[in-house]
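Asker: The structure that follows is given in the form of structure tokens.
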Amino acid sequence: MALSTDDIKKIAHLARIEVSDDEAQATLAKLTGIMGLIEQMQAVDTQGIAPMSHSQDVVQRLRDDVVNKTNQREAFQQIAPVLGNGSAERAVDHGLYLVPKVIE
Amino acid sequence: MINQSLATLSQMLAEKQVSSVELTQTFLDRIDTLNPDINAYIALDQDKTLAQAQAADARIAAGNALPLTGIPIAQKDIFCAKGWQTTCGSKMLENFIAPYDAHVISQFDAVGAVNLGKTNMDEFAMGSSNETSYFGGVKNPWDLTRVPGGSSGGSAAAVAARLCAAATGTDTGGSIRQPASLCGFTGLKPTYGVVSRYGMIAFASSLDQAGPMAKSAEDCALMMNVMAGFDERDSTSLNRKKEDYSRYLNQPVSGLPLAGLKIGLPKEYFAEGLDAAVAKVVMDAVAEYKKLGAEVIEISLPNTGLSIPVYYVLAPAEASSNLSRYDGVRYGHRADQYADLMEMYCKSRAEGFGAEVKRRILIGTYVLSAGYYDAYYLKAQQIRRLIAQDFVEAFKRCDVIVGPAAPSTAFKAGEKVDDPVAMYLQDIYTISTNLAGLPGMSVPAGFAQANDGVPLPVGLQIIGNYFDEARMLNVAHQYQRVTDWHTRMPDLTAIEGVA
Amino acid sequence: MEWEVVIGLETHAQLQTNTKIFSGASTAFGAEPNTQACEVSIALPGVLPVLNKEAVHCAIKFGLAVNAEIAPRSVFARKNYFYPDLPKGYQISQYELPVVGKGAVTIQVPAAGKNPAYEKVVNITRAHLEEDAGKSVHGAVEGMSGIDLNRAGTPLLEIVTEPDMRSAAEAVAYAKKLHELVQWIGICDGNMQEGSFRCDVNVSVRPKGSDKLGTRREIKNLNSFRFMQQAIEYETRWQIETLEDGGTIHQATVLFNPDTGETRAMRSKEEANDYRYFPDPDLLPLEITEADKAQVKLLMPELPSAMKARFEAEYGLTNYDAATLTASRALADYFVATVNAGAEAKPAANWTMGAISAKLNAEEKSLADSPVTAVQLASLLKRIADNTISNNAAKQVFEAMWNGEGEVDAIIEAKGLKQVSDTGAIEAIIDEVLAANQAMVEEFKAGKEKAFNALVGQAMKASKGKANPAQVNEILKTKLGA
């Protein structure tokens, strides 16, 4: 399937990565090459073959329902990003992480 | 001293011929001299490092030393280490000081090893040349105009240039073995699930596995004894009995040391695409194995060629999801200027990630998106099973599989940077073991001359069956007993002299 | 044209575990922001999920309670989307292989107007385990939202129905039934204000008789049954009006505004989502064996359906009474306690469903806060049964007990409500009444049956309501030679 720059922009939006028109153009060329490589798979008959998600045939281990984490808010919020838009403060306030207003 | 094995260094420490602080300082001084040219380390913290060395000396004095107590180890910058800058080679995490320790880091801390620093790597482990690092490329110590391979390029260069006693790496598609081949040392990617992934920054969760990068198989075994082990915080960590990876190495042998060993040579690993000079080195090593008593047979791994397309669906798919957490909300890079939430996301991620990482996120997003899942992701998982079954069949006929670790020797910096597909083919011989979850290693097997006449290291790959690391290490060790390729060091006097 | 509304529900029940579904952080409600957000909850680089055993047990309990298939092997998948309260950029959920498969619950839809009450089976499509997101707090800083990740990773069971409901009343009856069931089996505290039990309602309309589903709109996050009723009614009207005006319905996510009683489409969800589900490589397949199920079964209380059947058989209750009593664990327990304290089953059922429920409703109290305990109700019912007081007097005693005026016998005494059953005393009263009402006696004798009742009334009045009515009837009949 041939990709277009519109596809690139759509995918980039899904992935929340800003791309300029020029970048989309450059990316298109490279992704087309990579997708060409990937298309080799289509020649293989995989009818009836179970997909393999894990290399070992093991099942999920279950954890006992016991609290073993303590409050580390201070340590974790020391590495919060800088707010930006003119502020050099960390993007936290009263223990909350700050983001631009979420509209519902 | 810098060229000694871990066992020897451990003995020297035990016998007080040298203190851990002295040993550590020796490496730190050497890093000081050589790192500006090689760029193997991203983060160094002398105070932290020396404090650990002092603690190790106290431990040795108290008689509580373990084999790696006081030994300076370089840690790939993919492992979270509390209080250390942990960047994963990315601008996204340039200012990220990890608030917790990865399992691998705590394992080394627990035995009193010394963290020498965090090594450079391809951004988020995506690359085969270390050129995607935000912190600049790493130079191959054998020829500074060439790449060390990747993604564990910093650890590779550090081991090769003797900027550490040993190092850790991670391998998703060859990121330990290909640089080990290109830089001429011993690297092991264990069976998936043997080393905990907790605190190891995820690239492709179902393929990522940490392992040792060291001067010899013997050293790798000692490293494995520390790194391997069950961790309840990683659901994919396998709950197996603790094993001694050195157990076969020094057993007395009567007759030929590898008598009875069946080595399989996959014909697909010697087909078109393999550099002739590399092939010759590999075949010379195979001849050496025959002398050691091994029987060599030809085998087939018919789906080898498909491993690259399969990998470039599965790894980017998992990565696209794994890297969604870098959104500029709780840590990591946030754009300086943004109008709203959408812009904050899109700009932070566009600025924080480099070109190769973005490409892989886009591929992964695409192959998982509505309407394409079955044709790409599901199909790749099905072929993944075919690839794994190739190995099951092969191991019915042989004990280990041997071949090249990489199709060529180290290439020039910049040579493949604009051609992702050519770069991806670097991992043609290593990727299928990750897909199957098998252990694989690269062992120095000699040198091949590049076009410009520079002799460059070549690695021999040894692939074992699940959980067969101890045997593989012995297969490598027996070879290293009769060859000296693994003791060769690059000549760095030119830059050493400058300092 | 006559329209039919088609409704399906997706309910998120927070599971009553101590810790989060994939980490050992506490799930306690109401902590300071982000103090229960561990490294896994905030998705630091390198962290990994490990599944909570108790969350799995909760899912098994639910599966057993709705008679569903419990998958021997289910798979966790990642649902990928960006939102500030979703720290990993994906939610760990289940997609193709959920832990609980097809099941069913029977609901009782109450009578409304001239329509009688009825029972209906609502089919459960599936129920799956997933993690909750955090919360966005607005208004703390101008123009910004604050993110609290304490709730992120709290285990949820998402319970999905078939589009089986045909009215707001049915949807509410189902939601109430489910709400009770999850509390009954102890997997969810049911606290709707705190968001422990949240319903999303899919509503579509179609011409009556059509078997094609209309385009649905999903009403998100309804946190009370009253709002659910209002929201569905409004949404149904809106959809019908839109179609009748020649408009079309577009698939959308809508929010209900309790102040206006209206629904409106959410702005943030306008763009089409592409969640890119795939199996989470950090988690392995969840295996549930027959032995696991048997072990959980031992921990299960008697289920409402089994209890209902038992109430009918053991206590001779009607289907309706048994269903009503077992609609709530608390109600059923109260009834059983009343019977165990010596009351007869039928009056115990009537009073529990009648007087007690009415009072609790009026005062918005729960059974746990009832001023009249089951033991007290039983002693009251015993006094009716042994003819100490009449039914009418019992109502006064009940009022007094409710108001904390003391125990049954003391109240009967204090209010002088004891029934007169002394034949001599009743005869004397009747003689007086007959003497004073000769006209009525004549009418009765002339064949007017009604006059008899009037005379009974006069006799009861003369006894200030204390005479045993049965005895009054009997003696009067004898005296009138009837």
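The values are calculated or read from the model by the stated rules, or taken from the named source; none is laboratory data. On a predicted model such as this, the values are computed, not experimentally measured, just so you know. Heads up, the Cβs are rebuilt from the backbone with ideal geometry, glycines too, and the neighbour counts pull from every protein chain shown.
Asker: When B:Ala422 is evaluated against the numbered criteria (1) closer than 23 Å to B:Gly136 by Cβ; (2) in contact with a strand residue (DSSP E or B) (Cβ under 7 Å, 6 or more places away or on another chain); (3) part of a helix (DSSP H, G or I), which criterion, by number, is the only one it fails?
Answerer: Only one criterion is unmet by B:Ala422, namely (2).
Asker: Moving to a separate point now. Test B:Glu351 against the stated conditions and say whether it is away from chain C (no Cβ under 11 Å) and either of a type in the set (Val, Ile, Thr) or farther than 23 Å from A:Ser87 by Cβ (or both). It would help to see each step written out before you state the result.
Answerer: Working: away from chain C (no Cβ under 11 Å): yes; either of a type in the set (Val, Ile, Thr) or farther than 23 Å from A:Ser87 by Cβ (or both): no.
Here the answer is no, as B:Glu351 does not meet what is asked.
Asker: Taking B:Ala380 as the residue in question, decide whether it is surrounded by 22 or more Cβ atoms within 10 Å (Cβ to Cβ), assigned to a helix (DSSP H, G or I) and more than 8 Å from every other protein chain (Cβ to nearest Cβ).
Answerer: Here the answer is no, as B:Ala380 does not meet what is asked.
Asker: Now for a separate question. Looking only at the range B:189-231, filter to residues that are of a type in the set (Lys, Arg) and assigned to a loop (DSSP other than H, G, I, E, B); which one of those is nearest to B:Val475 (Cα to Cα)?
Answerer: Only one residue tops the list, namely B:Lys215.
Asker: Could you grab me the full set of residues in the range C:132-171 that are part of a strand (DSSP E or B) and within 14 Å of chain A (Cβ to nearest Cβ)?
Answerer: Scanning the range C:132-171 gives C:Lys135, C:Ser136, C:Val137, C:His138, C:Met144, C:Ser145, C:Gly146, C:Ile147, C:Asp148, C:Pro155.
Asker: Quick check on the range A:22-31. Is at least one of its residues facing chain B (nearest Cβ under 10 Å), in a loop (DSSP other than H, G, I, E, B) and crowded, with 17+ Cβ neighbours inside 10 Å?
Answerer: Taking every residue of the range A:22-31 in turn, none turns out to be facing chain B (nearest Cβ under 10 Å), in a loop (DSSP other than H, G, I, E, B) and crowded, with 17+ Cβ neighbours inside 10 Å.
Asker: May I pose another question? Looking only at the range B:386-406, which residues are within 12 Å of chain A (Cβ to nearest Cβ) and surrounded by fewer than 22 Cβ atoms within 10 Å (Cβ to Cβ)?
Answerer: Residues of the range B:386-406 that are within 12 Å of chain A (Cβ to nearest Cβ), as a first pass: B:386-389, B:391-392.
Matches in the range B:386-406: B:Leu386, B:Ala388, B:Gln389, B:Val392.
Asker: Can you confirm whether the range A:56-64 contains a residue that is farther than 30 Å from B:Ala315 by Cβ, at the interface with chain B (Cβ under 10 Å from one of its Cβ atoms), crowded, with 18+ Cβ neighbours inside 10 Å and not hydroxyl-bearing (Ser, Thr, Tyr)?
Answerer: Among the residues of the range A:56-64, not one is farther than 30 Å from B:Ala315 by Cβ, at the interface with chain B (Cβ under 10 Å from one of its Cβ atoms), crowded, with 18+ Cβ neighbours inside 10 Å and not hydroxyl-bearing (Ser, Thr, Tyr), which makes the answer no.
Asker: Please work out if B:Ala58 is among the small types (Gly, Ala, Ser), over 16 Å from B:Gly154 (Cα atoms) and not in a loop (DSSP other than H, G, I, E, B).
Answerer: Judged against the criteria, B:Ala58 is a match.
Asker: Which of the residues that make up the range C:55-107 are hydroxyl-bearing (Ser, Thr, Tyr), away from chain B (no Cβ under 11 Å) and under 19 Å from C:Gly134 (Cα atoms)?
Answerer: Across the range C:55-107, the qualifying residue is only C:Ser93.
Asker: Sticking with this structure for a sec: Residue by residue through the range C:378-406, note down the ones that are among the small types (Gly, Ala, Ser) and at pLDDT below 90.
Answerer: Answer for the range C:378-406, where residues must be among the small types (Gly, Ala, Ser) and at pLDDT below 90: C:Ser390, C:Ala393.
To keep it simple, each residue is scored yes or no on (1) of a type in the set (Val, Ile, Thr); (2) touching a residue at least 12 places away in the same chain (Cβ under 8 Å).
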site: C:Gln183; (1), (2): no, yes
site: C:Thr215; (1), (2): yes, yes
site: C:Glu241; (1), (2): no, no
site: C:Asp245; (1), (2): no, no
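Asker: Filter the range C:292-314 for residues that are assigned to a helix (DSSP H, G or I) and farther than 25 Å from C:Glu344 by Cβ and give the result.
Answerer: C:Asp292, C:Lys293, C:Ala294, C:Gln295, C:Val296, C:Lys297, C:Leu298
Asker: Quick check: is even one residue across the range B:359-366 over 29 Å from C:Pro45 (Cα atoms), at the interface with another protein chain (Cβ under 7 Å from one of its Cβ atoms), crowded, with 23+ Cβ neighbours inside 10 Å and out of contact with any Gly (no Cβ under 6 Å at 6 or more places or on another chain)?
Answerer: The answer is no; no qualifying residue exists.
Residues are listed down the side, and each one gets a yes or a no for (1) free of Cβ contacts under 8 Å to residues at least 12 places away in the same chain; (2) within 30 Å of C:Gln108 (Cβ to Cβ); (3) within 14 Å of chain B (Cβ to nearest Cβ):
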residue: C:Asp282; (1), (2), (3): no, no, yes
residue: C:Glu287; (1), (2), (3): no, no, yes
residue: C:Lys293; (1), (2), (3): no, yes, no
residue: C:Glu312; (1), (2), (3): yes, yes, no
residue: C:Leu317; (1), (2), (3): no, yes, no
residue: C:Ala327; (1), (2), (3): no, yes, no
residue: C:Pro347; (1), (2), (3): no, yes, no
residue: C:Ala358; (1), (2), (3): yes, yes, no
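Asker: Now for a separate question. Looking only at the range C:322-344, count how many residues are outside any loop (DSSP other than H, G, I, E, B) and surrounded by 18 or more Cβ atoms within 10 Å (Cβ to Cβ).
Answerer: Residues flagged as outside any loop (DSSP other than H, G, I, E, B) and surrounded by 18 or more Cβ atoms within 10 Å (Cβ to Cβ) within the range C:322-344 amount to 12.
Asker: State all residues of the range C:312-334 that are hydrophobic (A, V, I, L, M, F, W, C) and closer than 19 Å to C:Ala374 by Cα; if no residue qualifies, say none. Write out each step before concluding.
Answerer: Start the filter on the range C:312-334 by keeping residues that are hydrophobic (A, V, I, L, M, F, W, C), which leaves C:313, C:317, C:322-323, C:325, C:327, C:330-332.
Correct list: C:Leu317, C:Ala322, C:Leu325, C:Ala327, C:Ala330, C:Leu331, C:Ala332.
Here's the yes/no breakdown for (1) more than 34 Å from the chain's Cα centre (by Cα); (2) aliphatic (A, V, I, L, M):
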residue: C:Ser379; (1), (2): no, no
residue: C:Ala394; (1), (2): no, yes
residue: C:Met401; (1), (2): no, yes
residue: C:Glu407; (1), (2): no, no
residue: C:Glu413; (1), (2): yes, no
residue: C:Asp422; (1), (2): yes, no
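Asker: So, in the range B:316-343, exactly how many residues are without any contact (Cβ under 8 Å) to a residue 40 or more places away in the chain, buried (at least 24 other Cβ atoms within 10 Å of the Cβ) and more than 9 Å from chain C (Cβ to nearest Cβ)?
Answerer: Residues in the range B:316-343 being without any contact (Cβ under 8 Å) to a residue 40 or more places away in the chain, buried (at least 24 other Cβ atoms within 10 Å of the Cβ) and more than 9 Å from chain C (Cβ to nearest Cβ): 2 in total.
Asker: Report, by residue number, each residue of the range B:468-490 that is touching a residue at least 60 places away in the same chain (Cβ under 8 Å) and part of a loop (DSSP other than H, G, I, E, B).
Answerer: Selection gives B:Asp468, B:Thr483, B:Arg488, B:Met489, B:Pro490.
Asker: Next up: Restricted to the range B:270-315, and to residues that are within 14 Å of another protein chain (Cβ to nearest Cβ) and among the small types (Gly, Ala, Ser), which residue is farthest from B:Val392 (Cα to Cα)?
Answerer: By that ranking, first place goes to B:Gly273.
Asker: Against the definition (aromatic (Phe, Trp, Tyr) and in contact with a helix residue (DSSP H, G or I) (Cβ under 7 Å, 6 or more places away or on another chain)), how does B:Tyr479 come out, yes or no?
Answerer: yes
Asker: Sticking with this structure for a sec: Somewhere in the range A:3-19, is a residue of a type in the set (Gly, Ala, Ser), without any contact (Cβ under 8 Å) to a residue 12 or more places away in the chain, facing another protein chain (nearest Cβ under 7 Å) and crowded, with 16+ Cβ neighbours inside 10 Å?
Answerer: yes
Asker: From the list A:Gly33, A:Gly86, exactly one residue is modelled with pLDDT under 95 and at positive phi. Which is it?
Answerer: A:Gly86
Asker: So in the range A:94-104, with the set limited to residues that are at pLDDT 95 or above and more than 7 Å from chain B (Cβ to nearest Cβ), which one is nearest to C:Val99 (Cα to Cα)?
Answerer: Within the range A:94-104, the match that is nearest to C:Val99 (Cα to Cα) is A:Leu96.
Asker: Select from the range C:264-295 the residues that are in contact with an Asp or Glu (Cβ under 6 Å, 6 or more places away or on another chain) and farther than 22 Å from C:Ile21 by Cα and write down the one among them that is modelled with the lowest pLDDT. Walk me through it before giving the result.
Answerer: Looking only at the range C:264-295, we keep the residues that are in contact with an Asp or Glu (Cβ under 6 Å, 6 or more places away or on another chain), and these are C:266, C:268, C:281.
So of that shortlist, the ones also farther than 22 Å from C:Ile21 by Cα come out as C:266, C:268.
Values: C:Met266: 82, C:Ser268: 55.
For the range C:264-295, the residue satisfying everything is C:Ser268.
Asker: Would you mind telling me which numbered condition in (1) in contact with a Phe, Trp or Tyr (Cβ under 9 Å, 6 or more places away or on another chain); (2) among the charged types (D, E, K, R); (3) not in a loop (DSSP other than H, G, I, E, B) B:Lys82 fails?
Answerer: (3)
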